[in-house]
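Chemist: Have a look at the structure that comes next, please.
Read-outs: derived from the displayed coordinates by stated rules, not from any lab. Quick caveat, the model's predicted, so the values are computed rather than measured. Here the Cβ is made from the backbone with ideal geometry for all residues, glycine too, and neighbour counts use every protein chain on show.
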Amino acid sequence: MAEANSSLMNYANMKRRAVSSKAIRQKIPSSNGTTFSLGQTINLDLPANVANTFFDFNLSYLSFKITNGDGQTATFDKSAYSLINRLQVLTGGQVISDLQNYNVLAAALFDLDVSPSYKANVGNVLLGTTAKQQGISIANGDKHSFALPLILNPLHLTTPMRYYPAFSRDMIRLRLTLEDATRAFFTAGASANSNYTLSDVEMVCYSVELSPEAFRMVDDMTGGVYNIVANDFRSATSTVGATDSTLTATLGFSMSSMESLYIVHIPQANNAVDKMAISGRSKNYLQQYQLFINGKSYPQLPIKCDDGDTTDSGNLAETLAETMIASHALSNYDHHSSINVNNQGASADGVPADAAVAIPADVIVQSGGTTCPFGLNTGGSADLTTSGGIGTFVASIELESLAHKSEVIYAGIDSIGSITQFRAQYNGSGAGKLACDVYFFARNSVLISLDTRGANVFVIST
């Protein structure tokens, strides 16, 4: 093998000055109103036909203020992302992305991938998170500001990272459907959508404008065709009854590269003002699960998590390992999560959900058994005041044949024209087992193209 020197002595490899360009920061207000109530829709229209300019969506965020006029303290379910039920990305008559139950996926991934320290510090100010399972509390009459990066869509999840051209013929519209108050907030009494007001809603958007010479160089290199590969998420739902021992759910996902599947169980009893309807998840006595595409199973052997197979009633290791594989984090010992955080505690302003209930001091709880939030089988209380109230369980299936995170290849399963089914077994007689809504989120790769020599509109291929 030929000898080589250390890269530390490669003095010819230096940072170089970038092409002539300038960064632009602009605030784009909502186009269909100035104030909004929960349950309504917000449109944010990004400019089109901006010469030589590219959007940087990884540096952009949704800015807004919310006023609580509900007559009582309102506590966010996990974060301010709980306000967004659906996020759509639209342009030129095409749907680039459409994720329903956006807040449910965001809450699950926040537990899997975000540390309690981040939630209590940066996340507390920007996103309304706390180190505990609930978000911050907003007292009646108070107004609070937030800055939310619009994650979980192809604008944000380019692989590898890419700028988006701002010179397409048609604008990009971000359409946000706001959640109902009953689900977005924890409150002691009945809550009305009209009692919460979002104002000063705007997209704070960063872009890069190239000089004519620099842009001409890029345009010549691409031939006027800008191809962007990105990840997207799609959702489907089903239900499983309180005494059901099996579930077969036909999901309807049709995509050329389906790369992972996240499964979330939320008790139907949590769909109430004094429950965590978005983040109050349950293991629901799940015993094993697989995905079937045209009858072929993925993985080949079922993923098992039957509590009866361990003495501490918390058979969680295999299913969590598979979830970490789907998150590309199994052997990443620097990976942050908060699946084992205490369910209870005061919110950021020091006001507990129920002042009469003693608040435990510990943040981290034991890792095994059914008292572990990740292994919580019921989760029906989910009310911030009872021990074992809020579960954090998420099941996942990795579907890429080359399963390591990569910026140069994708290797998911082609499900176009196929019958895609999730099949699971449960302990139907488990103590306290509840009827659950089951949410499925499939991650896939999409190709977004802009041909400036042709129609000059974005075209998506799934």
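Chemist: Normalised by the residues of the chain, what does the relative contact order come to in percent, with Cα pairs under 8 Å and at least six apart?
Modeler: Computed value for the chain: 24 percent relative contact order.
Chemist: Check which residues have an amide H placed less than 5 Å from Ser60's amide H, if you skip close sequence neighbours.
Modeler: Tyr206
Chemist: Further question on the same structure: So if I place +1 on the C-beta of Lys and Arg and -1 on the C-beta of Asp and Glu, and nothing else carries charge, what would the dipole magnitude of the chain be about its Cα centre? I want it in debye, nearest 20.
Modeler: 800
Chemist: Can I ask one more? Across the Cα atoms of region 22-225, what radius of gyration and what greatest pairwise Cα-Cα distance (Dmax) are found, in Å?
Modeler: Radius of gyration, then largest Cα-Cα span, for region 22-225: 18.3, 62 Å.
Chemist: Still on this structure: What is the distance in Å between the Cα centres of region 188-244 and region 296-329?
Modeler: That distance is 32 Å.
Chemist: Further question on the same structure: What ³J(HN,Hα) values, in whole Hz, does the Karplus curve 6.51 cos²θ - 1.76 cosθ + 1.60 give for region 53-58 when θ = phi - 60°, with x put for Gly and Pro?
Modeler: 10, 10, 7, 10, 6, 6
Chemist: Loop only by DSSP, 12 or fewer other Cβ within 10 Å of the Cβ. Give me the trypsin sites (Lys or Arg not before Pro) in region 1-85 that pass, ordered by residue number. Walk me through the intermediate numbers first.
Modeler: Working: sites: Lys15, Arg16, Arg17, Lys22, Arg25, Lys27, Lys65, Lys78; in loops: Lys15, Arg16, Arg17, Lys78.
In loop regions of region 1-85 (DSSP not H, G, I, E or B), the sparsely surrounded trypsin sites (Lys or Arg not before Pro) are Lys15, Arg16, Arg17.
Chemist: With θ set to phi - 60° and the Karplus curve 6.51 cos²θ - 1.76 cosθ + 1.60, what are the ³J(HN,Hα) couplings of region 274-280 in order, to the nearest whole Hz, using x for Gly and Pro?
Modeler: Along region 274-280, the couplings run 9, 10, 8, 7, 9, 10, x Hz.
Chemist: With 27 Å as the limit, write out which pairs from Lys22/Lys143; Lys275/Lys304; Lys119/Lys143; Lys143/Lys275; Lys65/Lys132 have Cα-Cα distances beyond it, or answer none.
Modeler: Lys22/Lys143; Lys275/Lys304
Chemist: About the Cα centre of region 22-225, what is the dipole size in debye to 20, counting +1 per Lys and Arg Cβ and -1 per Asp and Glu Cβ, all else neutral? Show your work: numbers first, answer last.
Modeler: Numbers: 15 positive and 17 negative charges, 37 e Å.
Dipole magnitude for region 22-225 comes out near 180 debye.
Chemist: Here's another thing I want to ask about it. Place a point 7 Å from the Cα of Asp170 along the Cα-to-Cβ direction; which residues of region 437-459 have their backbone N under 11 Å from it?
Modeler: Those under the cut-off are 456-459.
Chemist: Determine the dipole magnitude for region 1-126: charges of +1 sit on the beta-carbon of Lys and Arg, -1 on that of Asp and Glu, nothing else is charged, the reference point is the Cα centre, and the result goes in debye to the nearest 20.
Modeler: On the way: 10 positive and 8 negative charges, 119 e Å.
Rounded to the nearest 20 debye, it is 560 debye.
Chemist: Once every DSSP H run of n ≥ 4 in the chain is given -39500 (n - 2.57) and the sum is divided by its residues, what mean residue ellipticity at 222 nm do you get, rounded to the nearest 500 deg cm²/dmol?
Modeler: Working: 6 runs with 47 residues, N = 462.
About -2500 deg cm²/dmol.
Chemist: Sticking with this structure for a sec: Which whole-Hz ³J(HN,Hα) couplings does region 197-214 yield from phi under the Karplus relation 6.51 cos²θ - 1.76 cosθ + 1.60, θ = phi - 60°, glycine and proline marked x?
Modeler: For region 197-214, the Karplus-derived couplings read 10, 9, 9, 6, 7, 7, 9, 8, 10, 9, 9, 10, 9, 8, 5, x, 5, 5 Hz, x marking Gly and Pro.
Chemist: Bin all alpha-carbon pair distances of the chain at 10 Å intervals from 0 and give each bin's fraction as a whole percent.
Modeler: Reading upward from the zero bin: 4, 19, 28, 26, 15, 6, 1, 0.
Chemist: Follow-up. Angle, helix 102-113 long axis vs. longest principal axis of the chain, Cα atoms, 0 to 90°, nearest 10?
Modeler: Value to nearest ten degrees: 80.
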